[in-house]
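In what follows, a structure is listed as structure tokens, so that the remarks can point back to it.
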Amino acid sequence: LEVGRNEIVGLIGDNGAGKSTMVKILTGVFPPTSGELCIAGHKVDWRIYSVKQAHAYGIETVYQDKSLGEKQALWRNFFVGREITHPFGFINVKKEKEIAHEIMVNTIGFRGKGITVDSTVSKLSGGERQGVAIGRAMHFEAEIIILDEPTVALSLKEVRKVLNFVQKI
């Protein structure tokens, strides 16, 4: 599998063919059993490859299954695992909320008054949830954004929203 710059690639196959497994290998969740992994022309030692290293290479993922904290505020979901902190290690809530608001308005395009950075994920539609996950990936300036079946179980209207987010990328 080779993906070029500014390219949208679809991976198609039957259920159980290994599409999601491939995604999880590329993103450092699962180790491969054989083969080579090269990112941006650099051979990666897959025996020690991890999600953290995938992030360092600029690989972000939007999974088909729930990857957002349902009961958490949107701003918390943007920075989970990569919190912005003050010098003593406390989370900089004000900064995270400012950045989350910027992502919501300018990247995702949430304009309504009903959704704020303090809204919980459970209040969002499926397409809006995928938008949050995609916005998070875009914020961290990903070189590669992998979408693992981002439109599964969405209505046609919600599918259009997700595809619009993909076009923005």
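The values are calculated or read from the model by the stated rules, or taken from the named source; none is laboratory data. The shown structure was predicted, so the numbers you read here are calculated from the model rather than taken from an experiment. A quick note on method: Cβ atoms are made from the backbone with ideal geometry, for glycine too, and the neighbour counts reach across all protein chains shown. Quick note on the areas: whole protein, heavy atoms, side chains included, nothing else; ligands and nucleic acids left out. Shrake-Rupley method; radii C 1.70, N 1.55, O 1.52, S 1.80 Å.
Of the residues making up the stretch 2-57, just one is among the hydroxyl-bearing types (Ser, Thr, Tyr), part of a helix (DSSP H, G or I) and either surrounded by fewer than 15 Cβ atoms within 10 Å (Cβ to Cβ) or in contact with a strand residue (DSSP E or B) (Cβ under 7 Å, 6 or more places away or on another chain) (or both), namely Thr21. Going through (1) closer than 21 Å to Leu11 by Cβ; (2) assigned to a helix (DSSP H, G or I) one by one, Lys97 falls short only on (1). No other residue among Glu102, Glu96, Glu60 is out of contact with any strand residue (DSSP E or B) (no Cβ under 8 Å at 6 or more places or on another chain), open to solvent by less than 80 Å² (accessible area, probe 1.4 Å) and among the acidic types (Asp, Glu) apart from Glu96. One residue is enough: does the stretch 114-136 have a residue meeting the conditions surrounded by 15 or more Cβ atoms within 10 Å (Cβ to Cβ), touching a Gly at 6+ places or on another chain (Cβ under 9 Å) and of a type in the set (A, V, I, L, M)? Yes, the stretch 114-136 contains at least one residue that is surrounded by 15 or more Cβ atoms within 10 Å (Cβ to Cβ), touching a Gly at 6+ places or on another chain (Cβ under 9 Å) and of a type in the set (A, V, I, L, M). Scanning the stretch 6-37 for residues that are among the basic types (Lys, Arg) and within 24 Å of Ala56 (Cβ to Cβ) yields a single hit, Lys24.
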